[in-house]
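The values are calculated or read from the model by the stated rules, or taken from the named source; none is laboratory data. Quantities reported herein were computed from a predicted structural model and do not represent experimental measurements. So basically every Cβ, Gly included, is an ideal-geometry build from the backbone, and we count neighbours across all protein chains shown.
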């Protein structure tokens, strides 16, 4: 039987809103190997969400050198879209899932084509402010459309658990880990083997050279925004059963920033790796350290790593040309 | 259009370029000094808030606008200044001593942040400062003996010139004086070798280095000075809000501070004032706009951040150079009338420009 505290630490949402209430400090090993493994799995699940959000950051940053501060809000919109299809229209889960991802991908494409394309080449932090402004608009729009209330999304994974030996894992967490593995696999295959994927890599390495090779760079950029919005939507739908949906769900992206810089802002595998590290650190520090350290452990680790590896763990070392 | 012919070395080091400048800035100072007579209490308070923001804005402008190091964590420095000042006042340190002490402390904190930050650039630095702010916010929450945790504490009200500091007119003049002095200090700093080194670093680290600018030293200096200005603003901010609690210094404030620099126009001290006016006045403008909207929309929750976002997006799309950039264009238009060419400020199409190899 799982003990109560392990049951409660099941989700990134739990860490976000600080729902974990452990009584004081515990020593590692006190609960045995089972507890460590249990925490590890929960941490990986939380980390997968961070990783997926960070993936969205990195996709966009690599290609267009924009830092998308509205990524978390795209996640929120995606979760609301899924809620609309599944919860309001009563469509089956998987159909709603696909429709939500598709509509958000179209949204991302349009967003780039209409708004973001205009500011390419402007100072980087004009763009940052732009996406911060977009984030404000998205949150406000979500409040206007769906209201400020908290929504739940029923999924096939809710309220069931799987048992692996002594470790008990809620199916929701399994779905998050599985979903992340699937997305990572698809991304890897896409960028490695498809023509479009290679074109995207080319465009992100050198726009001008990509132009000369006949790659439609603008279209490619819009497609990257579409993919990024789609990934955010998947993260949002996977997160929805554990964290509930409301217009401020997107603030989880602030933690994903740690993940993205930790792994290196220019590396897709790094983003996922960074997410996993942050997720696991959060879970362990919540249980084994004094209460005050719970919220600072992840930023402290990220800062230390950055001080040693200024480009993140897997980021490209940039050399300057004179 | 005015052409200044320099006939004297003093013209080179003078604060103003010509008598026109002297006249207009003098008029501005007169107007600002007369404001307590012209404005009612509410608007006077708002103007005071703008001054406080502007002092903090000088700090972030020196770092982000002139040295090219982006900080998303300046709320932490503002908080350190405010808390330190509040704590010193509580311990019975007089006001005139407490402000410099808090400023020095914040400067030291800035130096401390600079050490790990020296090797980072661009987005890594921005996120690192963001993480620093998150950590400092937790420190404010947990260090109960000094900060009183979540509950916070009210800032003492010292007597200055025989009046309590909360007197709006007195506080207005103090903030104005601090802003004026800070502005003078910043102007002179930027004309000194240190300031020119900052600008050189911003424009090209490699070029600066090859001209003998010690990158690490000057970046650390920039961080320290920037934190110092922000900490000074923090002291005034503490009195302005009257009650210190950790949630006043969250990420939203950091974003607002960066916003001031970007919206005002990166790389100009005029921009600081424009940016502070923008950030300080926007909530009021939105409140007024709200009255003109149909009731059904105006009563919706969450409208204000949306309007705020819309205005931000519009400014960045139509004037990425900030308010000061627009001002320069308008000014040139009238100076050259009717010979103004729209292409004057047009930059080369920068679709392929990259900041990666700069």
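From the list B:135, B:127, the one residue that fits, being in contact with a helix residue (DSSP H, G or I) (Cβ under 6 Å, 6 or more places away or on another chain) and buried (at least 24 other Cβ atoms within 10 Å of the Cβ), is B:127. Evaluate the following for residue A:84: is it at pLDDT 90 or above and closer than 29 Å to residue A:186 by Cα? Here the answer is yes, as residue A:84 does meet what is asked.
Quick check, is residue A:215 within 14 Å of another protein chain (Cβ to nearest Cβ) and part of a loop (DSSP other than H, G, I, E, B)? It is true that residue A:215 is within 14 Å of another protein chain (Cβ to nearest Cβ) and part of a loop (DSSP other than H, G, I, E, B).
All of A:105, A:113 fail the test of being in contact (Cβ under 8 Å) with a residue 24 or more places away in the chain, away from chain B (no Cβ under 11 Å), within 27 Å of residue B:255 (Cβ to Cβ) and surrounded by fewer than 22 Cβ atoms within 10 Å (Cβ to Cβ), apart from A:113.
Filtering region A:264-308 to residues that are touching a residue at least 40 places away in the same chain (Cβ under 8 Å), part of a loop (DSSP other than H, G, I, E, B) and more than 22 Å from residue A:185 (Cα to Cα) leaves A:289, A:290, A:294, A:295.
Against the test of being touching a strand residue (DSSP E or B) at 6+ places or on another chain (Cβ under 6 Å) and buried (at least 18 other Cβ atoms within 10 Å of the Cβ), the options B:79, B:86 yield a single qualifying residue, B:86. The residues of region A:136-154 that are at pLDDT 80 or above and more than 7 Å from chain B (Cβ to nearest Cβ), listed by number, are A:138, A:142, A:145, A:146, A:147, A:149, A:150, A:151, A:152, A:153. Take residue B:86 and decide whether it is at pLDDT below 95, in a helix (DSSP H, G or I) and more than 18 Å from residue B:165 (Cβ to Cβ). Answer is no for this residue. Listed conditions (1) farther than 19 Å from residue B:238 by Cα; (2) in contact with a helix residue (DSSP H, G or I) (Cβ under 9 Å, 6 or more places away or on another chain); (3) at pLDDT below 90 are all met by residue B:203, apart from (2). Just one of A:100, A:46, A:79 is within 21 Å of residue A:178 (Cβ to Cβ), in contact with a strand residue (DSSP E or B) (Cβ under 8 Å, 6 or more places away or on another chain) and either away from every other protein chain (no Cβ under 14 Å) or at pLDDT below 90 (or both); which is it? Going through A:100, A:46, A:79 in turn, just one is within 21 Å of residue A:178 (Cβ to Cβ), in contact with a strand residue (DSSP E or B) (Cβ under 8 Å, 6 or more places away or on another chain) and either away from every other protein chain (no Cβ under 14 Å) or at pLDDT below 90 (or both): A:79. Within region B:123-171, restricting attention to residues that are part of a helix (DSSP H, G or I) and under 30 Å from residue B:34 (Cα atoms), which residue is modelled with the lowest pLDDT? Within region B:123-171, the match that is modelled with the lowest pLDDT is B:168. Of the residues B:269, B:259, the single one that is within 13 Å of another protein chain (Cβ to nearest Cβ), crowded, with 17+ Cβ neighbours inside 10 Å and closer than 16 Å to residue B:65 by Cβ is B:259.
Of the residues making up region B:187-212, just one is touching a residue at least 24 places away in the same chain (Cβ under 8 Å) and not in a helix (DSSP H, G or I), namely B:204. Against the list (1) surrounded by 15 or more Cβ atoms within 10 Å (Cβ to Cβ); (2) more than 14 Å from every other protein chain (Cβ to nearest Cβ); (3) part of a helix (DSSP H, G or I), the condition residue A:128 fails is (2).
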